[in-house]
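The structure under discussion appears below in the form of structure tokens.
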Amino acid sequence: QVQLVESGGGLVQAGGSLRLSCAASGRTFSNYAMGWFRQAPGKERELVAAISYGSYITYYADSVKGRFTISRDDAKNTVYLQMNSLKPEDTAVYYCATTHYGSIRFKIEDYDYWGQGTQVTVSS
């Protein structure tokens, strides 16, 4: 059974940092791209960052470019999202997800397994 479990969310002041982790099991995740999405109240779920298999290519949404860093440790079956210089507009539930493709995917429907989400709240 494939499982993704996020951790590391919480409440932080604007300008602060958080590191999200996503531990995966039940699959050889090193072969597949992974992504971090977020969903704020009343808004659609959006792709924030993604990483290809082998960490060859990364993608960032314009809104987080230069502030967030995605990485993966395939030995630990874990993907990370380092979030710096956080802003109130970063407040959302953050989800990790995996796709059955090795290359980065941009559409939600290309991701086949999802974590339960972790809340990130940035106060002003």
Highest-MSF residue in the chain out of VAL12, VAL79, VAL48 [GNM, Cα springs under 10 Å]: VAL12
With DSSP loop assignment and no more than 16 other C-beta atoms within 10 Å, the GluC sites (Glu not before Pro) in the stretch 8-110 are GLU44
Longest exposed-site-free window of the chain, the sites being chymotrypsin sites (Phe, Trp or Tyr not before Pro) in a DSSP loop that have at most 16 other C-beta atoms within 10 Å: 1-55
Top mean-square fluctuation among ARG19, ARG72, ARG38, Gaussian network model of the chain, C-alpha springs under 10 Å? ARG19
Could you calculate the FRET efficiency of GLU89 with GLN116 from 1/(1 + (r/R0)^6), where r is the beta carbon distance between them and R0 is 22 Å, rounded to 0.05? 0.45
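None of the figures in this text is laboratory data; all of them are computed from the coordinates on show. Bear in mind the structure is a predicted one, so any value in this text is a computation, not a measurement. Methodologically, a virtual Cβ is constructed for each residue, glycine included, from the backbone with ideal geometry; neighbour enumeration extends over all protein chains shown.
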